[in-house]
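Working notes, structure below.
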Amino acid sequence: MSNTEFFTVRLRRGEMNMIEKLWHMSWSLVFFLCCIAAIGFFMLYSAANASLDPWTARQMLRFGLGLLLMLVIAMLDIRLIMRSAYTVYAVVLILLIFVDARGVVGGGAQRWISVGFMNLQPSELMKIALVLALARYFHGMSLNDVQKPLLLFIPILIVVAPVTLIIRQPDLGTALMVIMGSAVILFLSGVRLWKFGVVIVASVAAVPVAWKFFQDYQKTRILTFLNPERDPLGAGYHIMQSKIALGSGGLFGKGFLQGTQSHLNFLPERQTDFIFTMLAEELGLVGGVVLISLYVVVIIYGFAIAVRCRQQFGRLVAMGITTTFFLYVFINIAMVMGLIPVVGVPLPLISYGGTSLLTIMLGMGLLMSVHVHRDV
């Protein structure tokens, strides 16, 4: 019996100890995640004008705790995670309900719960909870079962309930991200394309009606996206300054700590939503390509883990987590380049933030667990 077969047998029997599971983790994936986080530390250091306070030191501490949490989750048996999927979803949904009732208000939105040392944003955690719940629902279900309309009622309800609560906060960007991530799980589970087509057509047809229910700032963002020059000193200021900073970086950038748009405070939210713009200004196109390449490597790892997993729950979780990670990256970078309207989506492991970093590390922990238990 080969070492791989011996490991598989012991894993299926639940006989693997902590050291053996640590040995079989994808440490190369951990390395690439640490590389991305290190770039984030340098950018936050620059954003604070060469100071560890107020962002870099906290981000380093949070990443260290998140890394530990990721390793702990990675060692959990994937079968235990599957049994707990609905419980996790229910807990996060209750937190969303609490936000709607007594959440912390900030920036005109009610999205957080104060837990003392930080403000927790349950809508971020729901991105992971939904992946688990949908993967659990479709686990073991045949293609014929998936095609039955009545069996799709429950997963649709699983998605609609949190999306409704998130929209009420209001947080249209996160709601759309949750919907897109859930749609990927439904597609991979075998839902036919024509059903997605019907939903898309119906959604487009409902836009005129939905427009009436949009908040004023949401309407402004969309109109500004279509024509940023309509209000260059108001609603269009952020994206115009972002484009100026991106273009001024050139091929190799102005140099670390030398970004003028960011350090002269022309660039808004440089530590969160627009941190990629600051990176491109200081490190240029080369720096931006290096960061994107690291993201691509992590995404490839995620898809490879999904393909190699033998059980359906693990495959769906790995694909869902990887897709969510991709959406984080794509939406943030497309936003600061003016390709889509400005929404509050952070850049993974780079932007300053507690709940978003926690969510990403939780997701990576689940991805690692799928890798370790791929033969279960």
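Values quoted throughout were computed directly from the atomic coordinates according to the rules given, and no laboratory measurement underlies them. As the structure is a prediction and not an experimental result, all values here were calculated from the model. Because the Cβ atoms are built from the backbone with ideal geometry, glycine has one as well, and the counts that use them run over all protein chains shown.
Fewest neighbouring Cβ atoms within 10 Å first, the residues 34, 309 line up as 34, 309. Other residues lying with their Cβ under 12 Å from the Cβ of residue 95 contribute a combined charge of 0, Lys and Arg counting +1, Asp and Glu -1. Each residue in 157, 125 was given a count of other beta-carbon atoms within 10 angstrom of its own, and listing them fewest first yields 157, 125. Shown is the FRET efficiency for residue 142 and residue 105, computed with R0 = 41 Å from the Cβ-Cβ distance and rounded to the nearest 0.05: 0.30.
Taking 7 Å steps out from each Cα toward its Cβ at residue 97 and residue 339 produces label points 4.0 nm apart.
Extending 7 Å from Cα along the Cβ direction at residue 244 and again at residue 375 yields two label points whose distance is 5.9 nm. Near residue 83: Cβ cut-off under 12 Å, other residues only, Lys/Arg at +1 and Asp/Glu at -1. The net charge is +1. When +1 charges are put on Lys and Arg Cβ atoms and -1 charges on Asp and Glu Cβ atoms, the dipole computed for the range 84-360 relative to its Cα centre reaches about 700 debye. Computed from Cα positions, the angle between helix 85-102 and the longest principal axis of the chain comes to roughly 30 degrees.
Using the alpha-carbon atoms, what tilt in degrees (0 to 90, nearest 10) does helix 27-47 show relative to the longest principal axis of the chain? Around 20 degrees separate the two axes. Against the main long axis of the alpha-carbon atoms of the chain, helix 3-12 sits at an angle near 90°.
Note on residue 19 and residue 65: the extension gain reaches 14.6 nm, defined as 0.36 nm multiplied by sequence separation minus the Cα-Cα distance. Could you point to the residue in 188, 160, 240 farthest towards the positive end of the range 84-360's charge dipole, with +1 and -1 charges on the Cβ of Lys/Arg and Asp/Glu respectively? It is 188, whose Cα lies furthest towards the positive end.
Over the C-alpha trace of the range 84-360, radius of gyration and Dmax come out as 19.8, 60 angstrom. Measuring between alpha carbons in the structure, every pair from 127/195; 21/127; 127/148 lies within 31 angstrom.
Answer with one residue from 98, 50, 114: the one whose Cα lies farthest towards the positive end of the charge dipole of the range 28-123, charges on Cβ with Lys, Arg +1 and Asp, Glu -1. Positive-most Cα among the choices belongs to 98.
Given 0.36 nm per residue, what is the gain on full extension from residue 153 to residue 114 after removing their alpha carbon distance, in nm? Present the calculation step by step, with values, prior to reporting the outcome.
Numbers: separation 39, 0.36 × 39 = 14.04 nm, distance 3.40 nm.
The residue 153-residue 114 span can extend by a further 10.6 nm.
Find out how many positive minus negative residues lie around residue 251, taking Lys and Arg as positive, Asp and Glu as negative, among other residues whose Cβ is under 14 Å from that of residue 251. Numbers along the way, then the final one.
Numbers: positive: 254; negative: 281, 282.
Local charge sum for residue 251: -1.
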